């Protein structure tokens, strides 16, 4: 029994380290933001709580009902700067934002800065992606997804395209 307990403990610790490892090669600016010299044409949209309440959903006015306020389907990426998997999907989300420009929104919420939003959606693991189709309930996914899977979700769930 002790061997199983130790195995489970080591597995949980390993999963935590692997899923959100610290990347010491990050390039933060003194104020804590990301160095965006390379990101000249950023298509993803960073949201604050105030932005979220006006662009996505006002959960303060409608706490028991999902009512999306946007005019296009959206993806919301709950992330943190120190999270390795979050950093790995960031460029993929930028590419998708460019590819689907004008068709969907891709929002990003920094869970370290927007703790209230994270708590409101029960975010306990990052990255967490919230997929919001028009006129339907949102769908949630935890963990970094490959580009092909994200593209398939955008096409099938958000844009309702038929893939052959």
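A few remarks follow.
- Just one residue in the set 113, 151, 72 is outside any strand (DSSP E or B) and either over 19 Å from residue 43 (Cα atoms) or under 10 Å from the mean Cα position of the chain (by Cα) (or both); that residue is 113.
- Residue match in the stretch 146-158 (condition: under 24 Å from residue 58 (Cβ atoms), in contact with a strand residue (DSSP E or B) (Cβ under 7 Å, 6 or more places away or on another chain) and buried (at least 19 other Cβ atoms within 10 Å of the Cβ)): yes
- The residue that is surrounded by the fewest Cβ atoms within 10 Å (Cβ to Cβ), among those in the stretch 104-125 that are touching a helix residue (DSSP H, G or I) at 6+ places or on another chain (Cβ under 8 Å) and more than 17 Å from residue 138 (Cα to Cα), is 116.
- Some residue of the stretch 124-144 being in contact (Cβ under 8 Å) with a residue 60 or more places away in the chain, assigned to a strand (DSSP E or B) and under 15 Å from the mean Cα position of the chain (by Cα): yes
- Filter pass, residue 91 being assigned to a helix (DSSP H, G or I), more than 30 Å from residue 61 (Cα to Cα) and free of Cβ contacts under 8 Å to residues at least 40 places away in the same chain: yes
- Filter result for residue 79 (more than 15 Å from residue 130 (Cα to Cα), without any contact (Cβ under 8 Å) to a residue 60 or more places away in the chain, touching a strand residue (DSSP E or B) at 6+ places or on another chain (Cβ under 9 Å) and buried (at least 20 other Cβ atoms within 10 Å of the Cβ)): no
- Scan of the stretch 57-79 for residues that are closer than 22 Å to residue 124 by Cβ and modelled with pLDDT of 95 or more, ordered by number: 74, 75, 76, 77, 78, 79
The values are calculated or read from the model by the stated rules, or taken from the named source; none is laboratory data. Note that the coordinates shown come from a computational prediction; the quantities given were computed from them, not determined experimentally. Note that each Cβ is placed from the backbone with ideal geometry, even for glycine, and that neighbours are counted across all protein chains shown.
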